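Data block below; observations after.
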2 protein chains.
Amino acid sequence: MRRPTLHDVAAEAKVSIKTVSRVVNGEDNVSAGVRERVQVAVDKLHYVPNTLARSLKVGLGDTIGVVMDSIADPFFASLTSAVEATALEAGLNVVFGSTGFDHGREREQVDRMVMQQVRGLVLAPVRGDHGYLTRYRERVPTVCVDRSIEIEGYDTVVVDDYGATRHGVEHLIAHGHRRIAFVGGNDRYDTINQRMVGYRDCLEDAGIGVEERLVSHDDAETAQAEDAVLRMLEDNPDVTAVFSANTRASLGVVHGLHRARRTDVAMVSFGDFLLAETLEPGVTAIDHDPVAIGEVATAHLLARLGLGDGPPVPPSQAGERVVVPTRLIERGSGEIEVAR
Amino acid sequence: MRRPTLHDVAAEAKVSIKTVSRVVNGEDNVSAGVRERVQVAVDKLHYVPNTLARSLKVGLGDTIGVVMDSIADPFFASLTSAVEATALEAGLNVVFGSTGFDHGREREQVDRMVMQQVRGLVLAPVRGDHGYLTRYRERVPTVCVDRSIEIEGYDTVVVDDYGATRHGVEHLIAHGHRRIAFVGGNDRYDTINQRMVGYRDCLEDAGIGVEERLVSHDDAETAQAEDAVLRMLEDNPDVTAVFSANTRASLGVVHGLHRARRTDVAMVSFGDFLLAETLEPGVTAIDHDPVAIGEVATAHLLARLGLGDGPPVPPSQAGERVVVPTRLIERGSGEIEVAR
DNA sequence: ATGAAAGCGCTAACAA
DNA sequence: TTGTTAGCGCTTTCAT
């Protein structure tokens, strides 16, 4: 059963295809009688317009693409959800592709989406060469989220990893801590590296200095972070506080502290999570809100597409860097005073 | 700057557009010399094929659609992730649309995707009339996930909400519990209603009987569930165990029990969550694995599209109902014996 | 091995 | 108000 086309509807209603097109698209210059007849034919045949053909003709697709590490990651799930909600208001569909942290797959996904004629792209870039993107610059406005790329000229929406981490570490220092461990690092993530630098600079500037024995590496995942924090506390009994560099690691740190019954150890988590306020004590967290990032990024994209409030922004003007504010949510774990 | 087409490449390479098409599609009947020349032109012009035009001509799109409550919900995020991974292997892109539990929006999303010529659909149906789907039956294979619809003839992949709940409640009974509260209900969700029935039947069959004072209603969200469990324990001091009917509610129940310092109260959660094993005691949970649901559903869809292992399955044969197994993960909270 | 022509379903431009 | 024509970028069919 072939799907009906404008032609079929036109034959059924005994009008020209253009008239059907007018009715379907809600144009007003059609007489009520004809409109009615066409509508009946449309309903009878269950006609559904073919947006592929429409897009081909008009030269503009009706989708935007979202390329992320993994949609299963709650952070990116929320981000994507915000993108979808914002895009929907502008009448755009969302296609999704995950990279699995693989730069080659990122490129494949982007290429596929460009072939699919996406109007624009929201991309959480994997580290690597993004030169391939430049050929699309003029045609497919692209906004990077969460992380930036090594080349100029792309709008980017990030949080201030460095500054927010300094804020978190300062918070611990303000509560008397001097031996602050860093857990949850991973060289693969530029964002986490920024947090590491923030941690180091903050301690240096506070005149405390960094002790490498307190810095754990390559333990960004939950299980690794749990092991790491247990080892850290074992090897360094003088540690009084832990800064966890990412959400997944924080879950492990929480568990580790709990298992070791170290309610005396303070903790600040970079990244908020669902049960953070449910735990006892609540986990003090730096909230980097994926919804805000998604909304801001999509708003930028829509502006570039001329679908925002203002006029379309030409590609030549791209390259803006938006820093979405973070906030430190005090819940108890970060306000534990150092034991005297 | 117009994007280059086959025409442009053909002109550049001084061949016909068909030859370019052959090279781009990797057909073999092209001489090495010409192939080389075309390839150079493709690279020089940064030619990217237009899959919209291709799909229009071929009559088949290259995407499947996923329609869910919300991508921000971890359950559906994982499910969608599994769908994407499976679809990608078959060379299909994924478009995503959320319903926000609104039946009207479900229909809008489905309609949009059909217009976009999706090859197939994975749908978590919102309760309501799905008659509108039948017109697409022949053209767009559709698999329902997590919930079924009121009409026959659609493949459905669900978990055994009823049976799994019975299993969970039996587990509590086996540990001596008789006063088992039910928290986290919500009439809007058929799945949760099934769980409620399972709870009731299980208690009846065990000769315990249902006491309505132990059944809380309309508290499916975290904050509501927390209030509900606190009220429940206050009003009914004889309660020794709680069955939480959904994951979000479980977070509230955990918090509530914690706040009330009721480590003597047993708990089983329908739905696993990230910190379930991190808490003390670990939360015994019925795991309904979204990844399994997503994979099975997509495999079914691909089979219907003729992209699976076997031959394409005609729409007339649709209507299969797959029940993905669940398991009860014992972590401690469900094994608390009743206080004597 | 290569090419010319037709047409997928639609809309823009232009008649009538 | 309604209809005709051309053509979006591609693949298919049928030459050469």
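The values are calculated or read from the model by the stated rules, or taken from the named source; none is laboratory data. None of the values given here were measured: they were computed from a predicted structure. Reconstructed Cβ throughout: ideal geometry from the backbone, glycine too, with neighbour counts over all protein chains shown. To get the accessible areas, we keep the full protein, side chains included, count just its heavy atoms, and leave off ligands, DNA and RNA. Shrake-Rupley method; radii C 1.70, N 1.55, O 1.52, S 1.80 Å.
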Checklist entry - Beyond 24 Å, what share of the Cα-Cα pairs of chain A remains, rounded to the nearest whole percent? => result 62 percent
Checklist outcome for this item: Computed for the protein assembly as shown: size of charge dipole around the Cα centre, +1 on C-beta of each Lys and Arg, -1 on C-beta of each Asp and Glu, debye to nearest 20, value 3000 debye
Next on the checklist: What is the angle, in °, between the Cα long axis of helix B:32-45 and the longest principal axis of the Cα atoms in chain B? Nearest 10 is fine, range 0 to 90.
Outcome noted: 60 degrees
Next on the checklist: Only four residue types carry charge here, +1 at the Cβ of Lys and Arg and -1 at the Cβ of Asp and Glu. Report the dipole size of the range B:186-340 about the Cα centre in Debye, rounded to the nearest 20.
Outcome noted: 220 debye
Checklist entry - Applying the Karplus parametrisation 6.51 cos²θ - 1.76 cosθ + 1.60 with θ = phi - 60° to the phi angles of the range B:82-91, what ³J(HN,Hα) value in whole Hz is obtained for each residue in order, glycine and proline being reported as x? => result 5, 4, 4, 4, 5, 5, 4, 4, 8, x
Checklist entry - Which percent of Cα-Cα pairs in the range A:99-214 sits in each 10 Å bin, short to long? => result 13, 36, 22, 18, 9, 1
Item to check | Residues whose placed amide H lies under 5 Å from that of A:Asn93, excluding near-sequence neighbours | outcome: A:Thr63, A:Ile64
Checklist outcome for this item: Heavy-atom accessible area of the protein assembly as shown with neighbours in place, 1.4 angstrom probe: carbon+sulfur share in percent works out to 50 percent
Next on the checklist: What number results when the radius of gyration of the range A:85-158, computed over Cα atoms, is divided by 2.2 N^0.38 Å?
Outcome noted: 1.05
Next on the checklist: Please report the equivalent ellipsoid semi-axes of the range B:211-340, computed as sqrt(5 x eigenvalue) of the Cα gyration tensor, largest first, in whole Å.
Outcome noted: 39, 15, 12
Checklist outcome for this item: For A:Asp28, A:Asp8, A:Asp129, the accessible-area ranking with a 1.4 Å probe, largest leading, is A:Asp28, A:Asp129, A:Asp8
Checklist entry - Pick from A:Glu277, A:Glu36, A:Glu234: which residue has the top mean-square fluctuation in a GNM of chain A where Cα pairs under 10 Å get a spring? => result A:Glu36
Checklist entry - Cα-Cα over 18 Å: which of A:Lys18/A:Lys57; A:Lys57/B:Lys14; A:Lys18/B:Lys57; A:Lys14/A:Lys44? => result A:Lys57/B:Lys14; A:Lys18/B:Lys57
Next on the checklist: Pairwise over distinct Cα atoms, reciprocal of the mean inverse distance: report the Kirkwood radius of the protein assembly as shown in Å, one decimal place.
Outcome noted: 27.7 Å
Item to check | Area accessible to solvent at A:Asp289, 1.4 Å probe radius, in Å² | outcome: 50 Å²
Checklist entry - Which Rg and Dmax, in Å, describe the Cα atoms of the range B:263-340? => result 19.0, 61
Checklist entry - How far, in degrees from 0 to 90, does helix A:222-235 lean away from the longest principal axis of the Cα atoms of chain A, to the nearest 10? => result 10 degrees
Checklist entry - So who's got an amide H within less than 5 Å of the one on A:His130, skipping anything under 5 residues away but keeping other chains? H placed 1.01 Å off N, in plane. => result A:Glu150
Checklist entry - To the nearest 10 degrees, how steeply does helix A:103-115 sit against the main Cα axis of chain A, on a 0 to 90 scale? => result 20 degrees
Checklist entry - Short version: ³J(HN,Hα) in whole Hz for each residue of the range A:67-78, in order, from phi by Karplus 6.51 cos²θ - 1.76 cosθ + 1.60 (θ = phi - 60°), x for Gly and Pro, what are they? => result 10, 9, 4, 7, 6, 6, 6, x, 4, 6, 5, 5
Checklist entry - Considering amide H positions built from the backbone, and no H for Pro or chain starts, which residues 5 or more places from B:Arg262, or on another chain, come under 5 Å of its amide H? => result none
Checklist entry - Each label point is 7 Å from the Cα along the Cα-to-Cβ direction; what then is the distance between the points at B:Lys14 and A:His46, in nm? => result 5.4 nm
Item to check | Accessible-area value, B:Leu302, 1.4 Å probe, nucleic acids and ligands omitted, Å² | outcome: 20 Å²
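Give the interface area between chains A and B as buried accessible surface, both sides summed, probe 1.4 Å, in Å² to the nearest 100. Each step should come with its number before you reach the end.
Values: alone 16790 and 16740 Å², together 28780 Å².
Summed over both sides, the interface buries about 4700 Å².
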Checklist entry - For the range B:1-72, what is the largest minus smallest coordinate of the Cα atoms on each principal axis, given in angstrom and ordered from greatest to least? => result 53, 30, 19
Item to check | Listing of the range B:58-84 residues, each with accessible area lower by at least 20 Å² in the full protein assembly than in the chain alone (probe 1.4 Å) | outcome: B:Ile71, B:Ala72, B:Ala77, B:Ser81, B:Glu84
